[in-house]
Amino acid sequence: MRSFRKVLIANRGEIAVRIIRTCRELGISPVAIYSEADRAALHVRMADEAYCVGPPPSRESYLSQQAILNAARESGSEAIHPGYGFLSENGAFVRACEAAGVVFIGPPAAAMDAMGEKTRARTNMERAGVPVVPGSTAPFPSAEAALAYAQSVGFPVMLKAAAGGGGKGMRRVDAPQDFASAWRAAQSEALNAFGNDAVYLEKYLDQPHHVEIQVFADAHGNAVHLNERECSAQRRHQKVIEETPSPILTAEMRSRMGEVAVRAARAVGYLGAGTVEFLVDRSRHFYFLEMNTRLQVEHPVTEWVTGLDLVAWQIRVAQGEKLGFDTRPPNGHSIEARVYAEDPGQNFLPSPGRIAYLRAPSGPGVRDDSGVYAGYTVPTLYDPMISKLSVWAPSRDEAIARMRRALGEYVVKGITTNLRYLRAVMDHPEFVAGDYDTSFLPRAHSALTAAADGSVAAAALLASVVYARSRDVRRRQTLAPAEPSGRPALSPWRLQGRRPRR
Ligand code: MV4
């Protein structure tokens, strides 16, 4: 077993800041990388050292494997934490780290490969006894063969790019007469997006829930789950709100899904933190969707209810330590809201720019994982997520109340954010009731983006005019300049003399 003295964080924004914090607590010196657009970024300011890895476009900086490995060598970092996105699920990068003698804090490349392609993952999971959505695994020789299969599965079906993920290259087909053209369109879309035209099909699940299980494995044969996260509040495959426990899960279902997730992780020789995603249908059947072989954006809600620092455990596992915890029932309830620099009123158009003023919420049970500061300019080039606000409370109702309170404290001036939209979600009866599926946010769109009640603003304006007028009247009496004689200007005799006549 070894102890890292220095860890390079191959990422930016809030997640780089998050990892830097745990490195400090573990006595590890954090090393940052940055692109030319990120010289003034918070993660650069917080790290012990920072290395420029290239020009603004990610492809030439945060995705530049050679530049990152050079920074690791130059700084003497023994390990690299990839965060999420960028190179975090890139098997080639894991192998390049290995070749360079740097520890990649994450699963082995083989585990990534086994889960990377969707059809491959489905085959591996079926073999391991993990339930997958009914459908195909191998590519079809022809569109006719695919149609015949679709008919045996039953319409509607979902066409998916084998190389896809996160909803790209997906297409629903309702009837046999639409199949051939949809199949060809899906193939060309897949080729365009992923350079691979392989398409497979699944039975279509109507308005499923997205529930994922956090898993953790060490190099000593231990693998456990850390409960679920309910992630059904999404729009265009972007999560907006996550919570744990899921309002729709029973303890019995949690333990069955957890066992299945651990089986999935074991089947591919997993190491470290991973997430197994499931679709849950109306009758609460659950099906493997994909495995994310990285730390997830929404990991703080799991940290809140388990009391564990997942980043610290990633580092410990990478150092060869044994898991120091077991599956445990969730303690209380946690909700996370993603704060984006975007305008919900303009179809969520990104709204980069300079943050003129910032006041982040705090107080009991509140955590703000931010990557920005007042005076910082949010760049156009990268993800517009500026922070993740998460809360903990003993119960779901109290967690919602706390999230409302925290969102109410949050002030960001200079750029447009989705804060008001997030407040509207916390007030929406469907969210409050806890029975929302993946169709919730798209369906509630107009209610969530409705303009604020104008009567409040009108009353405030009127009140400010009345106040300004009465203040002016008062000043007329009190703010006269001192007399050259040096006598005080505020003599009560003088004030009395200046009183307006009634
Ligand atoms: C599905 C589905 C219904 N039936 N597969 C979207 C993201 C991608 N990873 C999988 N997705 C879906 N796959 C079948 N067979 C519905 C979705 C889906 C969805 C899934 C999770 C979270 C949000 C979603 C929003 C729309 C559609």
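The values are calculated or read from the model by the stated rules, or taken from the named source; none is laboratory data. On a predicted model such as this, the values are computed, not experimentally measured, just so you know. In this analysis, Cβ positions are derived from the backbone assuming ideal geometry, glycine residues included, and neighbour counts consider all displayed protein chains.
Considering region 110-145, the residues that are within 15 Å of the ligand (Cβ to nearest atom) and among the hydrophobic types (A, V, I, L, M, F, W, C) include one that is farthest from K203 (Cα to Cα), namely M115.
Scanning region 357-377 for residues that are of a type outside the set (K, R) and in contact with a Leu (Cβ under 9 Å, 6 or more places away or on another chain) turns up A360, P361, V366, D368, D369, S370, G371, V372, Y373, A374, G375, Y376. Checked across region 112-127, the condition of being hydrophobic (A, V, I, L, M, F, W, C), within 21 Å of W313 (Cα to Cα) and in contact (Cβ under 8 Å) with a residue 60 or more places away in the chain holds for at least one residue. Exactly one residue out of G272, G221 is crowded, with 24+ Cβ neighbours inside 10 Å and small (G, A, S): that is G272.
Yes/no matrix, rows are residues, columns are (1) more than 16 Å from the ligand (Cβ to nearest atom); (2) in contact with a helix residue (DSSP H, G or I) (Cβ under 9 Å, 6 or more places away or on another chain):
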| residue | (1), (2) |
| --- | --- |
| W392 | yes, yes |
| D397 | yes, yes |
| Y410 | yes, yes |
| K413 | yes, no |
| N418 | yes, yes |
| R423 | yes, yes |
| P429 | yes, no |
| Y436 | no, yes |
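Taking the listed residues A79, A40, A67, the one that is over 19 Å from R18 (Cα atoms) and out of contact with any Asp or Glu (no Cβ under 8 Å at 6 or more places or on another chain) is A67, with no other qualifying.
All conditions in (1) in contact (Cβ under 8 Å) with a residue 24 or more places away in the chain; (2) assigned to a loop (DSSP other than H, G, I, E, B) hold for P141, with the sole exception of (1). With respect to being modelled with pLDDT of 85 or more, aliphatic (A, V, I, L, M) and either within 30 Å of L205 (Cα to Cα) or surrounded by 13 or more Cβ atoms within 10 Å (Cβ to Cβ) (or both), L461 falls outside the description.
Residue-by-condition table, conditions (1) loosely packed, with under 15 Cβ neighbours inside 10 Å; (2) out of contact with any His (no Cβ under 8 Å at 6 or more places or on another chain); (3) not aromatic (F, W, Y):
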| site | (1), (2), (3) |
| --- | --- |
| G116 | no, yes, yes |
| R127 | yes, yes, yes |
| P134 | yes, yes, yes |
| F140 | no, yes, no |
| A163 | no, yes, yes |
| G169 | no, yes, yes |
| V173 | no, yes, yes |
| Q177 | yes, yes, yes |
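Every listed requirement among (1) assigned to a strand (DSSP E or B); (2) more than 14 Å from the ligand (Cβ to nearest atom); (3) among the aliphatic types (A, V, I, L, M) is met by A265 save one, (1). Restricting attention to region 364-420, and to residues there that are among the polar types (S, T, N, Q) and surrounded by fewer than 21 Cβ atoms within 10 Å (Cβ to Cβ), which single residue is nearest to P56 (Cα to Cα)? Restricting to residues being among the polar types (S, T, N, Q) and surrounded by fewer than 21 Cβ atoms within 10 Å (Cβ to Cβ), the top hit is T380.
Search region 273-287 for residues being part of a strand (DSSP E or B) and away from the ligand (no atom under 11 Å from the Cβ), and hand back the single one that is nearest to H81 (Cα to Cα).
The qualifying residue nearest to H81 (Cα to Cα) is A273.
Among residues that are modelled with pLDDT of 95 or more, in contact with a Lys or Arg (Cβ under 6 Å, 6 or more places away or on another chain) and either more than 23 Å from G408 (Cα to Cα) or surrounded by fewer than 18 Cβ atoms within 10 Å (Cβ to Cβ) (or both), Q319 is included.
Here the helices (runs of 4 or more DSSP H) wholly within region 405-453 that include at least 3 residues being over 29 Å from G363 (Cα atoms) are 440-443, 445-448. Any chance you could count how many residues in region 262-275 are under 20 Å from V311 (Cα atoms) and aliphatic (A, V, I, L, M)? So the answer is 4.
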